Amino acid sequence: MKTSIELTQKEFELFQKIVFKEIGISLENSKLFLVKNRLLKRLIYYKLSSYSDYYRLIQIDKNEKITMLNLITTNETYFFREQLHFDFLKDSIIPSSKKLRIWSAASSTGVEAYSIAMLLHDAKIDYEIIASDINTEVIKKANIGLYPLKMMDKIPENLKLKYCLKGKGNYEGWFLVDRILINNMKFENRNLLENQESLGSFDVIFLRNVLIYFNHEMKKKIIDNIMKNLKIGGYMIISLTEHIRELDSYKLKKIGISIFQKVD
């Protein structure tokens, strides 16, 4: 079987529609090659000759549809990404708190949640972290907490020494996040387009690298949902590349670069 199969524009539009229908993400036309490359392995696995054949398969196989969504929504990330947010947590939130409940709302492989946990545990305060993602595969990886050594680079040296365990033998080139952190953490599969009030209220919600994938209507729906979980006086943090319009309608005020506080 040939390993170079073209994804036509019409086929791509089918995947655009089903991804939007299932999880609300609008795939831009520029993502055609990303979709083609990420799904090619599944065509090869099933010995299919076209993306249309694969599209028909996911219509009848629910598990394969989940696999497809997982492949398309997997994104690269790293520990202590956008450091100024962690500086704000460390310097402005932790010192005035005895207990914190934090939601990493799009945790991917867990590196954001573990970065937060390192700071909280090191500060010796009570905490609970809920880390969620729509991608079931990255949640599994997050629960394990095993990462390539190259992902250790951005972790502050003192936290690296405390919470990162270098692998040996079969795990050479990998490190495991110390399991002491996971005692106060939960990793869950969640869709932010759905009401998540069952998670309870939070002092801080990290909603980073999420809004960029949605149109205005879907962004509003996500923020409306998130705000139901944020305590008055609590903080919502988004990515440096993202923006929120109509802050008053969400009862938010901007207090720093991509950092917002709920005022009422």
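The values are calculated or read from the model by the stated rules, or taken from the named source; none is laboratory data. Being a predicted model, the structure only gives us computed values, none of them experimental. Methodologically, a virtual Cβ is constructed for each residue, glycine included, from the backbone with ideal geometry; neighbour enumeration extends over all protein chains shown.
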Item to check | In region 95-111, the residues that are buried (at least 18 other Cβ atoms within 10 Å of the Cβ) and either hydrophobic (A, V, I, L, M, F, W, C) or over 21 Å from Ile255 (Cα atoms) (or both) | outcome: Leu100, Ile102, Trp103, Ala105, Ala106, Ser107, Ser108, Thr109, Gly110, Val111
Next on the checklist: For region 93-122, give me each residue that is free of Cβ contacts under 8 Å to residues at least 60 places away in the same chain, under 15 Å from Lys160 (Cα atoms) and more than 20 Å from the chain's Cα centre (by Cα).
Outcome noted: Asp122
Checklist entry - Which of the residues that make up region 157-175 are in contact with a helix residue (DSSP H, G or I) (Cβ under 8 Å, 6 or more places away or on another chain) and either at pLDDT 95 or above or part of a strand (DSSP E or B) (or both)? => result Asn158, Leu159, Lys160, Lys162, Tyr163, Cys164, Lys166, Trp174, Phe175
Checklist entry - Residues in region 234-264 that are farther than 19 Å from Ile130 by Cα, of a type outside the set (Val, Ile, Thr) and not in a loop (DSSP other than H, G, I, E, B): how many? => result 11
Next on the checklist: So Ser4 ticks every box in (1) within 21 Å of Met218 (Cα to Cα); (2) surrounded by fewer than 16 Cβ atoms within 10 Å (Cβ to Cβ) but one. Which box is left unticked?
Outcome noted: (1)
Checklist entry - Being in contact (Cβ under 8 Å) with a residue 60 or more places away in the chain, in a helix (DSSP H, G or I), out of contact with any helix residue (DSSP H, G or I) (no Cβ under 6 Å at 6 or more places or on another chain) and assigned by TED's automatic domain parsing to the domain that holds Thr241, is that true of even one residue in region 186-197? => result no
